[in-house]
1. So for segment B:225-235 (the condition being among the hydroxyl-bearing types (S, T, Y), within 9 Å of another protein chain (Cβ to nearest Cβ) and part of a helix (DSSP H, G or I)), does at least one residue qualify?
2. If C:T162 meets every condition in (1) open to solvent by 30 Å² or more (accessible area, probe 1.4 Å); (2) closer than 29 Å to B:H215 by Cβ; (3) among the hydroxyl-bearing types (S, T, Y); (4) more than 9 Å from every other protein chain (Cβ to nearest Cβ) apart from one, which number is that one?
3. Search segment C:61-89 for residues being assigned to a strand (DSSP E or B) and over 21 Å from B:N198 (Cβ atoms), and hand back the single one that is least open to solvent (accessible area, probe 1.4 Å).
4. For residues in segment C:93-110 being assigned to a loop (DSSP other than H, G, I, E, B) and among the aliphatic types (A, V, I, L, M), which is surrounded by the fewest Cβ atoms within 10 Å (Cβ to Cβ)?
5. For segment B:159-189, how many residues are open to solvent by 30 Å² or more (accessible area, probe 1.4 Å) and either away from chain C (no Cβ under 14 Å) or not in a helix (DSSP H, G or I) (or both)?
6. Confirm whether B:L200 is away from chain A (no Cβ under 11 Å) and closer than 18 Å to B:V48 by Cα.
7. Just one of B:S114, B:S129, B:S98 is within 20 Å of B:N27 (Cβ to Cβ) and either acidic (D, E) or out of contact with any Lys or Arg (no Cβ under 6 Å at 6 or more places or on another chain) (or both); which is it?
8. May I ask you to list the residues in segment B:100-120 that are within 11 Å of chain C (Cβ to nearest Cβ) and either of a type in the set (F, W, Y) or surrounded by 22 or more Cβ atoms within 10 Å (Cβ to Cβ) (or both)?
Amino acid sequence: MTQHWWHVAIAWGLAALGFGIMAWLAARRHAAAKRRLALLGPRERRLG
Amino acid sequence: MSTPAPSSPRPLASTAPRGGGLHRFANPGRFLRLTDRLLPWLWGLAAVVLGAGTAWALLFSPPDWQQGETVRIMYVHVPMAWLAMGGYAGLAVASLMSLVWRHPLADIAARELSPAGAMVTALCLATGSLWGRPMWGTWWAWDARMTSVLVLFFLWVGHAALVRAFDEEERGARAGAILALIGAVNLPVIKWSVDWFNTLHQTASVTRIGAPGMHTGMLYPLLVCTIGFTLLFAALVLAQVRAAVMERRLRQGQLAQARRQEGAA
Amino acid sequence: MKLSRKRRRLWIVVLAGLGLGTATALTLTAFQDNLVFFLAPSEIAGKNPGPERAFRLGGLVEAGSLVKDTTADGRPEARFRVTDGPATVPVTYVGVLPDLFREGQGVVTLGKLGPDGQFRASEVLARHDETYMPPEVAAALKRTGHWDPKNGAPPPAASWNTMEPAPARQGS
């Protein structure tokens, strides 16, 4: 692989890593909040 | 990020402003219902568009006559730059709504926007550096464009840190909103820095008066990549905002539950 | 008339924004001279940096002025002239040139201007013009005589940015 392709690969790799980690964290946090909220009774859910 | 604040947060549903217009979306319950079905579609659409854009940019678009294959960095760099600035414009609008109308969802949106904004700005700087080394012959230069984008990065990081630095969430949100609005003067400076000052960075290719200085063989994949990255950015920020709203309801629900049990005992 | 609290907050934000915007605009105007990244050849006479001060010289690499050579110790050496139209400065540089460097391309060089009028550069950066085109399109423009990259900017973008040239045949 030439140096040019290395720079292209690193640039796209960084973007994939950054977005991948953030999307995974966001999806996990979202799922956890949804699950914990569902455990709470329907009455408490309305109060929030 | 998900640690519950010790102070009791501003109750959401009970203060949902009355009246029409903008405030119809201020009701967190309605927000959660509206976005519940939207979010999976947003993730899916982002994956499809970004997948197509990536394939087009890396495999099916031509090299540049003088940059060669290095031009493919542009398909990440330019969307990141646009997202960094567009996201900051969104942060400024949220901050205005937070300061003037005390819109509770605006506080949460601003708080959840800044880590993602800091990330795209960092990616913009990093990919620009990776492009600059073989093309310009340097990783970095202190010209007006690059310096002003570095300032934007510090604003994002500063905002993310500031809103989390207070025990009382509302005070953090107020301080962050003021910082975000002051920092908004940087946006026009970034945009027109390449025209006002002579810089190492080239002037705009796509958003210029007259025809874009880019062949359609590169312009179209750039636009698809931009849409894809924007959808992904929107999906992950929306997921964080939804999670934050649900966490607040959870805290208030638990509080109410505890109070009821105390009363019963 | 009594303003509502929301109205009052809105006015405070608007006025603060106006003040901040004016202050920024004034500051940028005042410091414009210090925010320039490089000096053009025709600006040097007015600024007169002197032979001891390093500064950045920027402009286009003049067509036909580039001479590549090797120094006595085997390092690559380049001599070329940087022009902005009215004025031209001869530059010497020992080192590797960036990929985008060519005649007709924008360039920013860091170095000192000797008493002999020669600019001795310690660093050469290539600027990128804001055009993106596939090699076939550039080749077609050159072949048909619409553009010689050595002589500067390409023709108006509308004339080539949707062009679909036939792939250049080998050996023709």
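1. no
2. (4)
3. Residues of segment C:61-89 that are assigned to a strand (DSSP E or B), as a first pass: C:61, C:67-70, C:76-83, C:88-89.
Next, only the ones that are over 21 Å from B:N198 (Cβ atoms) stay: C:67-70, C:76-79.
On the way: C:V67: 68, C:K68: 142, C:D69: 69, C:T70: 82, C:P76: 63, C:E77: 42, C:A78: 2, C:R79: 90 Å².
Ranking the qualifying residues of segment C:61-89, first place goes to C:A78.
4. Ranking the candidates gives C:V96 first.
5. The total comes to 11.
6. On the way: away from chain A (no Cβ under 11 Å): yes; closer than 18 Å to B:V48 by Cα: no.
Answer is no for this residue.
7. Numbers: B:S114 fails: within 20 Å of B:N27 (Cβ to Cβ); B:S129 fails: within 20 Å of B:N27 (Cβ to Cβ).
That would be B:S98, the only listed residue that is within 20 Å of B:N27 (Cβ to Cβ) and either acidic (D, E) or out of contact with any Lys or Arg (no Cβ under 6 Å at 6 or more places or on another chain) (or both).
8. Step one: filter segment B:100-120 for residues within 11 Å of chain C (Cβ to nearest Cβ), giving B:100-103.
Correct list: B:W101 only.
The values are calculated or read from the model by the stated rules, or taken from the named source; none is laboratory data. Owing to the predicted nature of the structure, the values given are computational and were not obtained by experimental measurement. Cβ: placed from backbone, ideal geometry, glycine included. Neighbour counts: every protein chain shown. For accessibility, only protein heavy atoms count, side chains too; no ligands or nucleic acids. Shrake-Rupley method; radii C 1.70, N 1.55, O 1.52, S 1.80 Å.
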